[in-house]
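The values are calculated or read from the model by the stated rules, or taken from the named source; none is laboratory data. Remember, predicted model here, so these are calculated numbers, not experimental data. Because the Cβ atoms are built from the backbone with ideal geometry, glycine has one as well, and the counts that use them run over all protein chains shown. Keep in mind that these areas ignore ligands, DNA and RNA; they rest on the heavy atoms of the full protein, side chains included. Shrake-Rupley method; radii C 1.70, N 1.55, O 1.52, S 1.80 Å.
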Amino acid sequence: MKLSQIVIIFFSLLFMQSNENLIAAGGETYKNLKPGFSFEGPFGKFDRESLKRGYKVYSEVCSSCHGMKQLSYRNLSQKGGPEFSVERVKEIAADYFIIDGADEYGDPVERSRVPSDRFQAPFDNKDAAKASNNGAYPPDLSLIVKARSDGANYIYSLLSGYEEPMPDSLNIDDSLSYNPWFPGAAIAMTQPLYDEMVEYEDGTEATIKQMSYDVSNFLSWAAEPTMEERKSLGLIVMGFLIIFLFLMFFSVRRLFKDVH
Ligand code: HEC
């Protein structure tokens, strides 16, 4: 194999894209929408402002049904994430409460949360979560982007893809909503986002698409908080391998130059 061929194969592997997610819903095939996320590709990084807005959407809308048990409040100020200031994270955490130990009479003591506490869960257990959602369980969102193929694009499409009216051919239960991006197109989550549902601090207009985009960004970071670190390490390793490849190539050529 020639050096040029090796280099071409190497770069095509590097820039290979993940498979697209095709869903057959009500006979139609829906391709995931692709809003274009800044973290895509080998050099991609998270958009900090979008992560901050995404946290707002999660905390004001999604957190009433979905937990994110892998996250602690302090993660919100960590490098590579939304990077809220440490002070801001203390304020965020203090809005939530937790039962921590008992007093001298054995009664439970409640205190405000601190940055090292985990995110507050909306329900005490799975059964309580199901009981409040017509028997359907709202999954924990910490790793949901990894748990679905083409996760970020899928969640963006799902959240911004509620449609009315439901096609007659589908004939689904009244307690379910029509969403052609959900496998089977009938989902137990009612449309969670409506225009202007949250008020963004940076003045960005809170359209359904914008909120879906920001929260998909936030969930992508939550599923892999060290992505930026991994990518920059990956690039260093690749750089080293490229140099190594050239060294090997020329030394082999030199060693065998007299062999015909
Ligand atoms: C009123 C409760 C409620 C709210 C608010 C809510 N969800 Fe859900 N969500 C559910 C339920 C219930 C399900 C399970 C649906 C099913 O299995 O049919 C679900 C499922 C999901 C799924 C998984 C879909 C799949 O492929 O299995 C994602 C992702 C999701 N929700 C994201 C969100 C996001 C992001 C928000 C905030 C913008 C949000 N949800 C707000 C109740 C809710």
Would you say residue 87 is over 18 Å from residue 155 (Cα atoms), open to solvent by 60 Å² or more (accessible area, probe 1.4 Å) and touching a residue at least 24 places away in the same chain (Cβ under 8 Å)?
-> no
Within 13 Å of the ligand (Cβ to nearest atom), surrounded by 11 or more Cβ atoms within 10 Å (Cβ to Cβ) and not in a loop (DSSP other than H, G, I, E, B): does that describe residue 215?
-> yes
Checked region 134-168 for anything in a loop (DSSP other than H, G, I, E, B), within 11 Å of the ligand (Cβ to nearest atom) and of a type in the set (Phe, Trp, Tyr); matches are 137
Among the numbered criteria (1) buried (at least 16 other Cβ atoms within 10 Å of the Cβ); (2) of a type in the set (Gly, Ala, Ser); (3) away from the ligand (no atom under 14 Å from the Cβ), which single criterion is violated by residue 59?
-> (3)
Qualifying residue in region 142-151 (condition: more than 21 Å from the chain's Cα centre (by Cα) and open to solvent by 50 Å² or more (accessible area, probe 1.4 Å)) = no
Could you say which residue among 205, 163 is free of Cβ contacts under 8 Å to residues at least 60 places away in the same chain and closer than 26 Å to residue 131 by Cα?
-> 163
If you check every pair at least six apart or on different chains, which have Cβ atoms under 6 Å apart with a residue in region 133-159 that is more than 16 Å from residue 177 (Cβ to Cβ) and in contact (Cβ under 8 Å) with a residue 24 or more places away in the chain first and a residue that is within 6 Å of the ligand (Cβ to nearest atom) and part of a loop (DSSP other than H, G, I, E, B) second?
-> 141/66; 154/148
Restricted to region 43-56, and to residues that are open to solvent by less than 50 Å² (accessible area, probe 1.4 Å) and out of contact with any helix residue (DSSP H, G or I) (no Cβ under 6 Å at 6 or more places or on another chain), which residue is farthest from the ligand (Cβ to nearest atom)?
-> 44
Can you tell me which residue among 184, 106 is open to solvent by less than 70 Å² (accessible area, probe 1.4 Å), more than 16 Å from the ligand (Cβ to nearest atom) and part of a loop (DSSP other than H, G, I, E, B)?
-> 106
Filtered residues of region 90-101 (kept if in a helix (DSSP H, G or I) and open to solvent by 70 Å² or more (accessible area, probe 1.4 Å)) = 90, 91
